[in-house]
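S.K.: Sharing a structure here in structure tokens format.
The values are calculated or read from the model by the stated rules, or taken from the named source; none is laboratory data. Keep in mind it's a predicted model, so treat the numbers as computed, not measured. Quick reminder, even Gly has a Cβ in these numbers, built from the backbone with ideal geometry, and neighbours come from all protein chains shown.
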Amino acid sequence: ATASFALDDTGSAGWLPVLGRYFQLGFEHILGGADHLTFLAALLLVLRRRRDALLVTLGFTAGHSITLALTALGMVAPPGLAVEAVIGFSIVFVAAEAALGRRDDLARLALLGGGGLVLIALASALFGGVIGWPVWLGLAMLVGGYGVWLSRSGEAGRLAPVVSGVFGLVHGVGFGGVLVATQLPADRIVPSLLGFNIGVEAGQVLVLALAALIYTGLGRFLHEDRLALVRAAMLAVVAALGMFWFVSRSIG
């Protein structure tokens, strides 16, 4: 369905029409991408201050913009099961950070999670899983390294933009796969890529703004304890979805 969109005569269309059509494609893709939206929800729940929200959003934007362009230009392979699985993992990672919050708890969970991922990597290698050992090892290093940073008096907030940027690189490959499927017109690469990326950003801003508005509104009508329960329930749903996508995509 995606490939049939926006390709009728784009090769002969002018710069602005191509920009507009791919803007629409990017906007619709982010709004229809359940896993990407869930990741954005996890980011919103982990943030406490507007400044942090801005930095983390910029990190995610920078990350996915890079790999989106590289994938669309054929310099990075389109997303496979490994990339789709890591997108699920990114949701679980951010949800866990939002749920725990305390540095000591996060450090223990991260160190434990790194070891667990090593074991999963070994099991995957033994039983022929669809994800190769380099991906598992990379995830284990990310989680374990994060735990070491926190255990040495690091602050999670300082690394949040970096972490969101790393996961943005992964999500960008997923976005790029949509562009690859549309068979980009060779003479309209720039407006196609630019329009799609702006569309993704516009959809992302819209979702974050609406979610923040709803959450702020709930804060005005609910007691602090009940608001905490609502947040916990949202985190549980986000984490469950992320784990489902991670596990199901990992085993094919």
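S.K.: In region 185-209, what residues are at pLDDT 80 or above and of a type in the set (D, E, K, R)? So that I can check it myself, show each step before the final result.
M.R.: Step one: filter region 185-209 for residues at pLDDT 80 or above, giving 189-209.
The answer is GLU201, and nothing else.
S.K.: Still on this structure, please answer the following. What number of residues within region 193-235 satisfy the criterion of being over 24 Å from GLU28 (Cβ atoms) and in contact (Cβ under 8 Å) with a residue 40 or more places away in the chain? Steps first, answer last, please.
M.R.: Filtering region 193-235 for residues over 24 Å from GLU28 (Cβ atoms) gives 215-235.
This time we only want the ones that are in contact (Cβ under 8 Å) with a residue 40 or more places away in the chain, so: 215, 231-232, 234-235.
The total comes to 5.
The rows are residues; the columns are (1) under 15 Å from the mean Cα position of the chain (by Cα); (2) on the phi > 0 side of the Ramachandran plot; (3) at pLDDT 90 or above.
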position	(1), (2), (3)
GLY174	yes, no, no
GLY177	yes, no, no
GLN183	no, yes, no
ALA211	no, no, no
ILE214	no, no, no
ARG220	no, no, no
LEU227	no, no, no
